[in-house]
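The values are calculated or read from the model by the stated rules, or taken from the named source; none is laboratory data. Here the structure is a predicted model, which means the values were calculated and not measured. A quick note on method: Cβ atoms are made from the backbone with ideal geometry, for glycine too, and the neighbour counts reach across all protein chains shown. In case anyone asks, the SASA skips ligands and DNA or RNA and just uses the protein heavy atoms, side chains included. Shrake-Rupley method; radii C 1.70, N 1.55, O 1.52, S 1.80 Å.
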Amino acid sequence: MLRVEGLSRRFGGVYALENVSLNVEPGELRGIIGPNGAGKSTLFNLITGHLRANSGNVFFRDEAIDSLGAHARAQRGIAVVYQGARIFRGMTVLENVMVGAHRRTRHGFIEAALRSPRSRREDEAVRLLSAALLTLVGLGGLGDRPAESLPLGQQRSLQLARALAAEPTLLLLDEPASGLREAERHHFAELIRSLRASGLTIVLVEHDVPLVTTLSDRITVLDLGRVIAEGTPAEVREDPAVIGAYLGSPRAS
Amino acid sequence: MQKGHSAFFALLLGTLCLARFLGESALSLYVLFALTAIVTVGVSLLMGQAGQVSLGQGAFYACGAYTAGVLTTHGCPGAVALLVAPCAAAALAVVIGVPLLLLRGHHLAFATLAAHLIFLSVIGEMTVTGGDVGLQGIPRLRLGPLELDSVRSYAYLSSLALVAVVVVARNILASRPGRGLRALSSSELAAASSAIPVGRYKLAVFSLSAGFAGLAGGIYAFYMGYLAPGSFPVLLSVEYVVMATVGGLGTISGGVLGAAVVLLLVHALSRLATTSGMPMSAPVILSYAVYAVLLITTVLFLPGGIVSLVAAASERASRRSAKKASEAATSSSTTPSG
């Protein structure tokens, strides 16, 4: 599904990511953990297309996507939930989710200007789907609210609904639990678990080690820009390199 | 934005009726208003939705005018020329925009300003456009059996065009591409990750705004019957930006309101300046200074423009009810937010 081969990225002379390879199977939930500065965010941005690699390749469904921009990768079915509150301000909660469905609809400026039958049909279908997704993530009934009026936890859920509106083949989550309260975190974990059960391939980049170990099928551990371990949560937990470099270190959270 | 639309539409139909009942002397001001509003609606979308400033809308206006003028003086039917005019302006915007929209920041503002100046000097040199002397003898517009030869007929035509532009802009904003535009004006990063081609969409709205200006320019050509480079000074482009800002960026009603308010104000001031007893320099000072004062006042004290004042009252009422709803929602969920 997602294959990363020998990916490297330097900032100045310093490697943020050095020769990283990993292979995510269809239907898998892959956790990516590592201490601060391990290169998690760099890897994330290289997969989404917001950063370009110095060397190495990213394959999505056996297609090299290195030269594609972020929107073209999204068009191919990679959806993203960002760490920050990357919602669309000035739009309603429902409209935010509808933007996510951009990928699966076709009508452009001319058809929209003329209110063509297809544009009406698509808008109506997207509206229904988006309302259903809001209910799924626990935001039912809030569709008409301005998106920025939601508290952070709900904004994260909103991002998830937006990502799902694209009906993605791969869902990338960047620290989805950060800044969430305990109850919100629990709710979010439940959502991820149910998505995983529905067969969606998920890559979860996360700081919260207990959360990742309960959710993931396999875990990749990064440290100082390199992969230091990979395996099931049980294997990774026992790995001496991980214990030494990460779990046992005072930097662990 | 959706809420105020039916009221706004009624207002627009009201202005259409103005074309019927206004006196002869006010009609020419009315035509000027409708043509200007067509341009400012586009400017408002461009600045508010794509976050780009164009100081070259006057050039697109001129491009539409000259396209219509040159085509009809060479025997092309007026109706066809009027349709080609916005297309030519939109195409010019694509040519200018492709290299510029790849860059960030205020490149587009400077480049469109330069494009405006270049356009004027090119027109001043070319023989087909009549050079500096101007293009004369543009026939009156003929639509089938109808010949538009009175000011009132152009008032009808320009207000119909304004309604068409408003409807088109409204439809776009309420639909898939419009949601994409509004999304990218908030976060380009998240918009791109929602599969929205950010650069292409910015170019599209730039081209659309130029098309609006071209349409207004086309009508202007038939209305005036004579075009010269001097009719399209750079100040024209600045005026559009000021009007859109005063009205309220990103909104359709802001574009229309801004054009109406600024034009009426300038008109009133120029009448005041030409009353007896005023110094010789009064007309120039009053007409130029008003743009500066308006722009600064709006940016400092009313960033949302006039529409934000209108919206404030109804919004305050709806926010009060929304607050009640949110209090009910948060108290029913497990943890209230801090």
Whole-Hz ³J(HN,Hα) from phi, Karplus 6.51 cos²θ - 1.76 cosθ + 1.60, for the stretch B:80-90, glycine and proline x: 5, 4, 5, 7, 6, 3, x, 5, 5, 5, 5
Residue B:224-residue A:21 pseudo-label distance in nm [points 7 Å out on the Cα-to-Cβ vector]: 6.9
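Round to a whole number: what % of the accessible area of chain B belongs to carbon and sulfur, probe 1.4 Å? Write out the running numbers ahead of the final one.
Numbers: 10460 of 14870 Å².
The computed percentage sits at 70.
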Average beta-carbon neighbours from other chains, 10 Å sphere, peptide A:77-90: 4
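Tell me the net charge near residue A:18. Cut-off is 10 Å between Cβ atoms, residue A:18 excluded, with +1 for each Lys or Arg and -1 for each Asp or Glu.
Working: positive: A:9, A:10, A:226; negative: none.
Value of the local net charge: +3.
What is the sum of charges, Lys and Arg at +1 and Asp and Glu at -1, for the other residues whose Cβ falls under 11 Å from the Cβ of residue A:176? Please report the intermediate quantities before stating the final value.
On the way: positive: A:156, A:185; negative: A:174, A:175, A:184, A:206, A:208.
Summing Lys and Arg as +1 and Asp and Glu as -1 gives -3.
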Whole-Hz ³J(HN,Hα) from phi, Karplus 6.51 cos²θ - 1.76 cosθ + 1.60, for the stretch A:146-163, glycine and proline x: x, 4, 6, 7, 6, x, 3, x, 6, 5, 5, 4, 4, 4, 5, 4, 4, 5
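Summarise the long-distance tail of P(r) for chain B by giving the % of C-alpha pairs beyond 37 Å. Write down the numbers at each step before the final one.
Details: 11421 of 56953 pairs.
Every Cα pair in chain B considered, those over 37 Å come to 20 percent.
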Whole-number percent relative contact order across the stretch B:5-259, with pairs defined as alpha carbons under 8 Å at least 6 apart: 41
Per-pair calculated FRET efficiency, R0 = 41 Å: residue B:297 and residue A:183 via Cβ, rounded to 0.05: 0.30
Between the stretch A:115-174 and the stretch B:36-56, the alpha-carbon center distance in angstrom: 29
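Helix-only mean residue ellipticity at 222 nm, chain B, DSSP H runs n ≥ 4 weighted -39,500 (n - 2.57), per residue, nearest 500. What is it?
Numbers: 13 runs with 253 residues, N = 338.
Theoretical 222 nm ellipticity from helices: -25500 deg cm²/dmol.
Within 11 Å, Cβ to Cβ, of residue A:87, how many net charges do the neighbouring residues add up to if Lys/Arg are +1 and Asp/Glu are -1?
On the way: positive: A:86, A:89, A:156, A:162; negative: A:95, A:148.
For residues surrounding residue A:87, the net value is +2.
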Nearest-0.05 FRET efficiency for residue B:117 and residue A:64, computed from C-beta distance (R0 45 Å): 0.50
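What's the total accessible area buried between chains A and B, using a 1.4 Å probe, rounded to the nearest 100 Å²?
On the way: alone 11860 and 16410 Å², together 25240 Å².
Buried area between the two chains comes out at roughly 3000 Å².
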1.4 Å probe accessible area per residue over chain B, in Å²: 44
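Averaged across B:199-206, how many Cβ atoms of other chains sit within 10 Å of each residue's Cβ atom? Each step should come with its number before you reach the end.
Values: counts 2, 2, 3, 0, 0, 3, 1, 0.
If you average over the peptide's residues, the count of other-chain Cβ atoms is 1.
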Simple spin-label estimate for residue B:133 and residue B:152 in nanometres, 7 Å along Cα-Cβ: 3.6
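If a/c stays under 1.5 just call it rounded; otherwise compare a/b with b/c (prolate if a/b is bigger, oblate if not). Do that for the stretch A:150-253, with a ≥ b ≥ c from the square roots of the Cα gyration tensor eigenvalues.
Numbers: a/c = 2.22, a/b = 1.61, b/c = 1.38.
Prolate, since a/c reaches 1.5 and a/b exceeds b/c.
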Rounded percent of accessible protein surface that carbon and sulfur make up, the stretch A:113-228, 1.4 Å probe: 56
Length-normalised contact order for chain A - Cα pairs under 8 Å, 6+ apart - percent: 28
Sorted peptide list for A:19-25, A:163-169, criterion being average Cβ within 10 angstrom, highest first: A:163-169, A:19-25
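Hey, what's the Kirkwood Rh for the stretch A:108-170 if you take every pair of different alpha carbons, in angstrom? Walk me through the numbers before you get to the answer.
Numbers: mean 1/r = 0.0770 Å⁻¹.
This gives a value of 13.0 Å.
For the peptides B:292-301, A:49-58, B:258-267, A:95-104, what is the packing order when you average, over each peptide's residues, the other Cβ atoms within 10 Å and list the highest mean first? Walk me through the numbers on the way to the answer.
On the way: B:292-301: 12.9, A:49-58: 17.0, B:258-267: 20.3, A:95-104: 26.0.
Ranking, from highest mean packing down: A:95-104, B:258-267, A:49-58, B:292-301.
I want to verify the translational diffusion coefficient of chain A in µm²/s; compute it with Stokes-Einstein, Rh as the Kirkwood radius over Cα pairs, at 37 °C and 0.692 mPa s. It would help to have the intermediate numbers written out before the result.
Details: Rh = 19.0 Å.
For the chosen part, D equals 173 µm²/s.
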DSSP-defined antiparallel bridges as percent of all bridges, chain A, nearest 5: 55
By accessible area with a 1.4 Å probe, ligands and nucleic acids excluded, highest first: order of A:65, B:96: B:96, A:65
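What does the accessible area per residue of chain A come to in Å², with a 1.4 Å probe and no ligands, DNA or RNA counted?
Value returned for chain A: 41 Å² of accessible area per residue.
Please average, across the residues of A:68-74, the number of beta carbons from any other chain that are within 10 Å of each residue's own beta carbon, and give a whole number.
Details: counts 0, 4, 11, 14, 3, 3, 7.
Per residue, the number of nearby Cβ atoms from other chains is 6 on average.
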Cα-based convex hull volume of the protein assembly as shown per residue, rounded to whole Å³: 187
